[in-house]
Each structure stands twice: as C-alpha cells, then as structure tokens.
Amino acid sequence: MEFPKNLRYSEEHEWVRVEGNKAYIGITAFAQSELGDIVFVELPEVGATIQADEPFGSVESVKTVSELYAPVTGTVLEVNGNLEDAPELVNSSPYEQAWMIVVELSDAAELDKLMDADKYEAMVKE
C-alpha cells in the first residue's frame with residue numbers, strides 16, 4: 001500500500017497536498033481499499049466553506065456510504081468533476097487523478113495537527 005511522503009493525513013483517512021495556500025484533498029489508498037468499489041462521490045459546490053473535522057461530502061461504494069471529513073478549514077476553489085463520471089478513479093488513482101476538492105486554506109496551522117506518512121502508516125497497521 002502506498003503512503004506518499006509529500007502528503008499529510010487525517011485520522012479519518014483523508015490526505016492533503018499543499019501547494020502554496022491551496023490544499024488538495026482526497027481519500028487514502030487505505031480508505032478506498034476498505035470501502036471497496038466506489039460507485040458515487042458527493043462533493044461540495046465551489047465557493048462553499050468547509051470546516052476542519054466536519055463532513056464535506058460522501059463516497060458511496062458497493063458496500064456502504066461513508067462521510068468525508070475535512071482535514072482543514074477553507075473555501076472550496078475547485079471540485080474534481082472527473083469523479084462525477086468516473087468515481088472508480090478513487091480506487092485506481094487515489095493520490096493522483098482522484099483528488100476531490102481544492103480549498104484555499106483559512107489557517108495553515110491546522111496542517112500541524114495532521115500526520116506525516118510514517119505516523120499514518122503506523123496508525124493503519126495497528
């Protein structure tokens with residue numbers, strides 16, 4: 001299983017890639033493997049505000065529906081429209097093609113609360 005070193009991770013299995021004041025957010029390879037085949041992704045509208053530790057959308061798999069929890073607070077700048085027609089990208093490319101939203105960070109200090117790859121890997125292997 002993949003744990004990219006350039007990402008930060010939440011306890012709820014979301015990842016964050018920071019580029020300047022923008023945060024790309026998706027779910028981890030571990031999360032998608034636990035959920036199974038993803039068949040639908042519900043995401044917020046551009047312009048919406050998301051709050052750290054609060055739900056911002058959901059993913060539906062053949063097994064279940066799971067809420068997505070925001071790892072950081074910010075304003076949604078972009079939504080990955082490819083997931084509407086191809087939700088299976090979450091399974092095949094969770095870190096590259098299946099980013100879910102891009103937010104403008106409200107408080108970069110929130111990133112310090114997230115785990116690095118080594119801590120996240122240790123958590124999911126417990």
Inset, instruction - Among the residues of the range 32-44, write down those that are in contact with a strand residue (DSSP E or B) (Cβ under 7 Å, 6 or more places away or on another chain) and either within 21 Å of TYR9 (Cα to Cα) or open to solvent by 90 Å² or more (accessible area, probe 1.4 Å) (or both). - result: GLN32, LEU35, GLY36, ASP37, ILE38, PHE40, VAL41, GLU42, LEU43, PRO44
Legend entry - Among residues of the range 90-113, those that are touching a strand residue (DSSP E or B) at 6+ places or on another chain (Cβ under 8 Å), more than 19 Å from ALA48 (Cα to Cα) and without any contact (Cβ under 8 Å) to a residue 60 or more places away in the chain, counted: 1
Inset, instruction - Report whether or not GLU67 is surrounded by 14 or more Cβ atoms within 10 Å (Cβ to Cβ) and among the acidic types (Asp, Glu). - result: no
Inset, instruction - Mind counting the residues in the range 73-126 that are of a type in the set (S, T, N, Q), open to solvent by 30 Å² or more (accessible area, probe 1.4 Å), touching an Asp or Glu at 6+ places or on another chain (Cβ under 9 Å) and not in a helix (DSSP H, G or I)? - result: 1
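The values are calculated or read from the model by the stated rules, or taken from the named source; none is laboratory data. Predicted model, so just to flag it, every value in this text is computed and none were measured. Don't worry about glycine lacking a Cβ; one is built from the backbone with ideal geometry, like all the others, and counts go over all protein chains shown. Remember, those area values only see protein heavy atoms, side chains included, never the ligands or the DNA or RNA. Shrake-Rupley method; radii C 1.70, N 1.55, O 1.52, S 1.80 Å.
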